[in-house]
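One structure below.
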Amino acid sequence: MKIKPVFRKISFLLFISLLVGVAGVNSAQAATDTVSILPTIVSRCGDQQTYATGTATYAQVANRDLVVKLDGVVVYSSPRYVRPTTWTTGLFAIATGQHTITAYIYRNGAHTLAAATATQAISIDSCTDHPGASNDKGKSEPAIPAKIQYVINHFPAIFKSVFGKKLNKVETTYWKNRAIGKGEKYTVINLKKEMLSLKKQGRTMPKAVIKAKILKVNVAKK
């Protein structure tokens, strides 16, 4: 009995689908759990508050929990059924001395089996060893909140990755003031989105800012 062409075609498509399905399963099984901690921003000295942030990937969606600890105490635990690829803890207190931040991806609900870990050591000196800087009036400068300082520290690298060049003096002033002015809810993700939007317009800063007289003077002096 001869097999009709239409049945041959269906059989061939089913065979290809099975191959693709097997390849997909093998690909998923080949993935690994990874977790990282980005550099944590701390002030020069003294008891303070800060936060940690990082990235994660998961070998499988089920049975995975992300937990971050400071010196063994939990400061972040991913919500149930949520597998964040980027994570940020809330603000936590950190005193002078030596500390360790550890991020875990656990593969069991009891949090005893770690599929991946990352650690970061932090050292904070006493302010008696680092007298605070003073302004022209002899008063201590107000400390910049940790989350804002984190954006300030990272915007030059983000700027270069978006625009393919280093910041000039005017751009540095604008983006630093932007981070300070937007407050603690302004993240590096918000910053990059804003830069990408400006790139589509063919500029590195808003049009109104570029036209401002003070910036024209700064550009002339450069």
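Each reported figure results from applying straightforward, stated rules to the coordinates on display, with no laboratory input. Predicted model, so just to flag it, every value in this text is computed and none were measured. Quick reminder, even Gly has a Cβ in these numbers, built from the backbone with ideal geometry, and neighbours come from all protein chains shown.
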Subtracting the Cα-Cα distance from 0.36 nm times the residue separation, let me have the gained length for residue 201 to residue 108 in nm, one decimal.
28.7 nm
Going down the list 69/169; 69/200; 69/165; 69/199; 69/185, which pairs span over 32 Å between their C-alpha atoms?
69/169; 69/200; 69/165; 69/199
Please compute the alpha carbon radius of gyration of region 34-127, then divide it by the globular-protein estimate 2.2 N^0.38 Å. Two decimals is fine.
1.11
In nanometres, what is the gap between the two model label sites at residue 93 and residue 165, each 7 Å from Cα along Cα-to-Cβ?
4.8
Most exposed to least, judged by fewest other Cβ atoms within 10 Å, 165, 200, 69 sort to 200, 165, 69
Quick note on 189, 152, ordering by fewest other C-beta atoms within 10 Å, gives 189, 152
Sum up the charges of everything whose Cβ sits under 15 Å from the Cβ of residue 87, counting Lys and Arg as +1 and Asp and Glu as -1, but leave residue 87 out.
+3
